Amino acid sequence: MSDLEDLYKEVILDHYRTPRNRAKIENADVHLHRDNPLCGDEIDLYVDIEDGRVTNVGFEGRGCSISQASVSMMTEKLKGLSIAEAEELANTFKSMMQGEAAEDEDALGDLLALQGVQKYPVRIKCALLGWNTFLEGVKVHNEKHGA
Amino acid sequence: MDPQAVRKDFPVLFQQVNGHPLVYLDNGATSHRPLAVIDEIKRFEEEDNSNVHRSVHTLGQRATELFEGARTKLAALLGVPGTNGLIFTKSATESLNLVAYAWGRHHLSEGDEVLITEMEHHSNIVSWQLACKDTGAVIKAVPVDDNGVLDMAEYDRLLSNKTKVVAVCHVSNVLGTINPIAEISAKAHRVGAIVVCDGAQAVPHMAIDIPSLDCDFYAGTGHKMCAPTGIGFLWGREHILEEMEPFHGGGDMILDVWIDHSSYNEIPYKFEAGTPPISQAVGLSTAIDYLNNLGWEAIRRHEIEITRYALDRLAELPDITVYGPTDAELKGGLVSFNIDDIHPHDVGTILDGKGVAIRAGHHCAKPLMRKLGVGATNRASFYIYNTHSDVDALVDALESCRKMFG
Ligand SMILES: Cc1ncc(COP(=O)(O)O)c(C=O)c1O
């Protein structure tokens, strides 16, 4: 049972049961819908960006606990960061999930709880869904606004 | 038939997974292979291995005899009168693509309709989409009603003289529904359509008599019936196969070859280009012996009994939704369900942590998932070696899911 408890940590279950920032943002600067065809996880991610800073993040979605908890935790972390900081955090998180030594593990805080997913290769995609969507959204935003 | 005794023939079942004895309930995806099959494949590789149909030497003759012997055995299993209509493929997927490609592309044209059903596996949907894309024919689908069975009134309504093909599964891999193929065939033939039946989930579990189903093509696969992966089959009416163009070109399927044209071999070889799956066919042959020996009546009775037990035990859990017929007599040996809004991938992972293997996902049937209004389901699928205690382990593990997420 210990592996399972390692995967389904209380923080994760808590975010799954009561997701944070689960709301649509009307006219958001960034809005992307992405899914994970293997599991049927899906999310709509909304991000507001002002002066190079993430000012608001929201999401809607359905899927497994790992995908939804990971997005929920992400929305809390991203708010207030500069785009560069947010991208760095996303990449640090991705490195951790792919089993590489993260340079700045402290920055991850609560997100370290998702480390247990590493042991379940088919579930790593679930944990990355929100983060990849965010990185993609930022790219689209930068292209549009020539950053 | 005593499943406890049958278990002893399947070495893979005797292992610990994540600290618990393995409980294997994913037979709809693939079954395991008994020692008899494993041993025979090993013996073949060690003693008889050779290519088929090409060699005059002794090993070549032995391999050819075993390969053709498998075909004869399969023909008897399916109740078809000869072996000419029985083509070896690598999977049920390849069999369905063979029909859609080699028949569909030459017989469909604009204005024609291909009638499938909402409960088809992707292999019986996408292969027809490809044929329709090339010919301008369109696809329609018979709906599934709230009980998980085909809406036959809608079938009657959708069927017209535009219908050229009816493509339908014998047993649904998600709902377990056993479809009335004989009735479907009779009606399709009245409007001049052919019937392509996907038997992937039927042949492993019940006695099959193709003539009484009266379909024109019937596809199946070895790996769900104790044989190895890499061997499937397609049976087709001989006169249809005779006038069909080949599927693949290459060795074995020709009579003679010039630089700019060829003449083709007789059926079924016309459709078996290249070196076929030989040791796999030998394995299939032994698998058929093994299953025949258990007896098809006994296999079916066992599956009805264990499915009924599973349905009863699952009904004890609050917040369980079962998809498909709930009368075990009317379905194949599987149960699809969701529990408590817990995502099937979470259920699947937690169950795996308890050694219980089920399938969690869309089961290659996304249109059906959409119809059921879910992204995915859990599926427990049974076979000859599953026991009541396997079902009990499943229910116990589901209880711990509910506790964890409750
Ligand atoms: C109903 C049905 N049709 C077709 C297939 C495909 O069979 P195969 O794995 O031999 O390609 C499957 C198995 O996954 C199935 O359940």
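Only the coordinates and a few stated rules stand behind these numbers; no lab work does. What you see is a predicted model, and the numbers here were worked out from it, not measured in a lab. Cβ: placed from backbone, ideal geometry, glycine included. Neighbour counts: every protein chain shown.
Taking square-rooted eigenvalues a ≥ b ≥ c of the alpha carbon gyration tensor, is segment B:5-160 rounded, prolate or oblate, where a/c under 1.5 means rounded and, failing that, a/b exceeding b/c means prolate?
Oblate, because a/c is 1.5 or more while a/b does not exceed b/c.
Residue farthest toward the positive end of the dipole of the protein assembly as shown, with Cβ of Lys/Arg at +1 and Asp/Glu at -1: which of B:393, B:84, B:32?
B:84
Could you tell me, in Å, what Rg and Dmax come out for the Cα atoms of segment B:238-325?
23.1, 69
In angstroms, what radius of gyration and Dmax does segment B:48-291 have, counting Cα atoms only?
Every Cα atom of segment B:48-291 included, Rg and Dmax give 18.1, 60 Å.
To one decimal place, what orientation-averaged projected area in nm² is obtained for the convex hull of the Cα set of segment A:48-114?
Spelled out: convex hull of the Cα atoms, projected over all directions, averaged, 4.6 nm².
Identify which of B:316, B:329, B:272 has the largest mean-square fluctuation in a Gaussian network model of chain B, with springs joining Cα atoms closer than 10 Å.
B:316
Over segment A:76-132, what per residue volume does the convex hull of the Cα atoms give, in whole Å³?
Residue-normalised Cα hull volume stands at 76 Å³.
Gaussian network model of chain B, Cα springs within a sub-10 Å range: biggest mean-square fluctuation belongs to which of B:135, B:221, B:89?
Most flexible of the set in this elastic network: B:135.
Cα centroid distance between segment B:305-350 and segment A:1-46, in Å?
26 Å
For segment A:1-76, what log10 I(q)/I(0) values come out of the Debye formula at q = 0.15 1/Å, with one point per alpha carbon and no solvent?
At q = 0.15 Å⁻¹ the computed log10 ratios are -0.54.
Taking just the alpha-carbon atoms of segment B:45-92, what radius of gyration and Dmax come out, in angstrom?
Cα-based Rg and Dmax for segment B:45-92 come out at 12.2, 33 Å.
Return A:15, B:20 ranked ascending by Cβ neighbour count within 10 Å, so the fewest neighbours appear first.
B:20, A:15
Would you please report the Å³ per residue occupied by the convex hull of the alpha carbon atoms in segment B:315-406?
Details: hull volume 9.6 nm³, N = 92.
Hull volume over Cα atoms, normalised by residue count, gives 104 Å³.
Pairs of alpha-carbon atoms within less than 8 angstrom and 6+ residues apart define the contacts here; what relative contact order does segment B:222-288 have, in percent?
That works out to 39 percent.
Peptides B:292-298, B:157-163: what's the order by average Cβ count within 10 Å, highest mean first? Numbers along the way, then the final one.
Working: B:292-298: 12.7, B:157-163: 15.0.
Averaged packing, sorted descending, gives the order B:157-163, B:292-298.
Take every Cα pair under 8 Å in segment B:48-291 that's 6+ residues apart, average their separations, divide by the length, and report that relative contact order as a whole percent.
Relative contact order, segment B:48-291: 24 percent.
Loop only per DSSP, at most 10 neighbouring Cβ atoms within 10 Å: give me the chymotrypsin sites (Phe, Trp or Tyr not before Pro) in segment B:183-260, ordered by residue number.
Of the chymotrypsin sites (Phe, Trp or Tyr not before Pro), the ones in loops of segment B:183-260 whose Cβ has at most 10 other Cβ atoms within 10 Å are B:258.
What list do you get for B:194, B:254 if you sort them by fewest beta carbons within 10 Å?
Taking fewest neighbouring Cβ atoms as first place, the list is B:254, B:194.
With a 10 Å Cβ neighbour count serving as the proxy for reagent exposure, in which order, fewest first, do A:3, B:341 appear?
Details: A:3 15, B:341 9.
Lowest count first: B:341, A:3.
Order of B:44-51, A:121-128, A:28-35 by packing, highest average Cβ count within 10 Å first? Intermediate results must be reported in sequence, preceding the final value.
Working: B:44-51: 14.6, A:121-128: 20.1, A:28-35: 17.0.
Highest-to-lowest ranking by the protection proxy: A:121-128, A:28-35, B:44-51.
How big, in percent, is the set of alpha carbon pairs in the protein assembly as shown lying more than 35 Å apart?
47 percent
Can you tell me the order of B:166-177, B:110-121, B:387-398 when each peptide is scored by its average per-residue count of other Cβ atoms within 10 angstrom, highest first?
Highest to lowest by the protection proxy: B:166-177, B:110-121, B:387-398.
Would you mind calculating the relative contact order of chain A from Cα pairs under 8 angstrom and at least 6 residues apart, reporting the percent as a whole number?
Values: 231 pairs, mean separation 38.6, N = 147.
In percent, rounded to a whole number, it is 26.
Other chains' Cβ within 10 Å of A:114-121 residues: what's the mean?
On the way: counts 0, 0, 0, 1, 0, 0, 4, 0.
Neighbouring Cβ atoms belonging to other protein chains average 1 per residue here.
Using a Gaussian network model on chain A with a 10 Å cutoff between Cα atoms, which of A:60, A:105, A:87 fluctuates the most?
A:105
Calculate the mean, over all residues of peptide A:39-46, of how many other protein chain Cβ atoms lie within 10 angstrom of the residue's Cβ. Kindly include the intermediate steps, with their values, before the conclusion.
Details: counts 10, 10, 4, 1, 0, 0, 0, 0.
Shielding by partners across A:39-46 averages 3.
Quickly work out the residue A:85-to-residue A:53 label distance, labels modelled 7 Å from Cα along the C-beta direction, and quote it in nm with one decimal.
Placing both labels 7 Å along Cα→Cβ, they lie 0.9 nm apart.
Taking the Kirkwood radius as the inverse of the mean 1/r across Cα pairs, report the Rg/Rh of chain A.
Using Cα coordinates only, the ratio equals 0.95.
Would you mind giving the mean number of other chain beta-carbons within 10 Å of the Cβ of each residue in B:339-349, as a whole number?
For peptide B:339-349, the averaged partner shielding equals 6.
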